[in-house]
């Protein structure tokens with residue numbers, strides 16, 4: 001499996017690509033086939049990264065916040081042949097060669113996190129959300145994902161109220177300690193513009209903990 005990060009930012013990013021360190025709102029594409037979150041910047045990313053929109057077969061949505069769901073984006077992708085797949089907690093779906101399990105995440109909006117499997121390859125995708133719920137941990141123990149994407153909205157900022165619906169980096173580091181042998185590769189995404197350092201500094205800090213920092217256009221095979 002491959003994941004292409006179409007966007008790795010949070011809702012607070014200025015909608016201006018000339019801003020230093022610009023990140024689109026978070027979205028990802030799995031094997032050119034499954035799009036997670038048809039947000040407002042997806043079509044821009046598709047154009048920049050040379051994605052063949054006709055290959056997108058399925059669209060999943062974590063939740064309906066504006067940075068993760070845009071009706072205009074979705075409507076366009078539907079005209080190109082994609083199918084929108086609605087999910088709720090505890091759903092288990094077959095999408096072609098893929099199995100998708102949905103789990104309720106820890107977020108103000110009703111958010112779904114996903115386990116996506118194709119053969120031996122397995123992805124955990126957990127945006128948005130704070131501490132993982134117990135059912136998610138049980139799924140991770142069971143499937144032992146090849147790659148996991150964790151929310152990292154709050155950076156290293158302390159005493160920020162958003163930790164009740166998003167992770168700060170210390171939370172990600174602590175969770176990794178507890179499930180380190182259950183996941184092969186750890187990646188963070190959904191970085192807030194106002195709560196993070198520059199990308200290079202963030203990469204140096206997270207490398208100490210064996211965690212990859214996603215950026216728009218990053219592709220990982222797993």
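The values are calculated or read from the model by the stated rules, or taken from the named source; none is laboratory data. In this text the structure is predicted, and so the values were computed from the model without any measurement. Every residue, glycine among them, receives a Cβ derived from its backbone with ideal geometry; neighbour counts consider all protein chains shown.
Taken across the range 120-134, residues that are surrounded by fewer than 22 Cβ atoms within 10 Å (Cβ to Cβ), in contact with a strand residue (DSSP E or B) (Cβ under 6 Å, 6 or more places away or on another chain) and not in a loop (DSSP other than H, G, I, E, B) do not occur at all.
Looking across the range 136-154 at every residue that is in contact with a strand residue (DSSP E or B) (Cβ under 8 Å, 6 or more places away or on another chain) and within 17 Å of residue 165 (Cα to Cα), the one that is surrounded by the fewest Cβ atoms within 10 Å (Cβ to Cβ) is identified as 136.
For the range 27-81, the set of residues classified as assigned to a helix (DSSP H, G or I), touching a residue at least 40 places away in the same chain (Cβ under 8 Å) and surrounded by fewer than 18 Cβ atoms within 10 Å (Cβ to Cβ) consists of 48 only. Taken together, 153, 181, 194 contain a single residue that is over 17 Å from the mean Cα position of the chain (by Cα) and closer than 18 Å to residue 10 by Cα, which is 194.
Within the range 188-209, the set of residues being assigned to a loop (DSSP other than H, G, I, E, B) and touching a residue at least 24 places away in the same chain (Cβ under 8 Å) comprises 190, 192, 193, 194, 195, 196, 197, 198, 209. Just wondering, is there one or more residues in the range 137-154 that are outside any loop (DSSP other than H, G, I, E, B) and closer than 13 Å to residue 90 by Cα? Yes, the conditions are met somewhere in the range 137-154. Residue check: residue 185 meets all listed conditions (1) free of Cβ contacts under 8 Å to residues at least 40 places away in the same chain; (2) buried (at least 20 other Cβ atoms within 10 Å of the Cβ) but one, namely (2).
If the condition is being in a helix (DSSP H, G or I) and under 21 Å from residue 205 (Cα atoms), then the range 163-172 contributes 163, 169, 170, 171, 172.
When each of 109, 165 is tested for being at pLDDT below 95, surrounded by fewer than 23 Cβ atoms within 10 Å (Cβ to Cβ), within 29 Å of residue 73 (Cβ to Cβ) and under 17 Å from the mean Cα position of the chain (by Cα), the lone residue that passes is 109.
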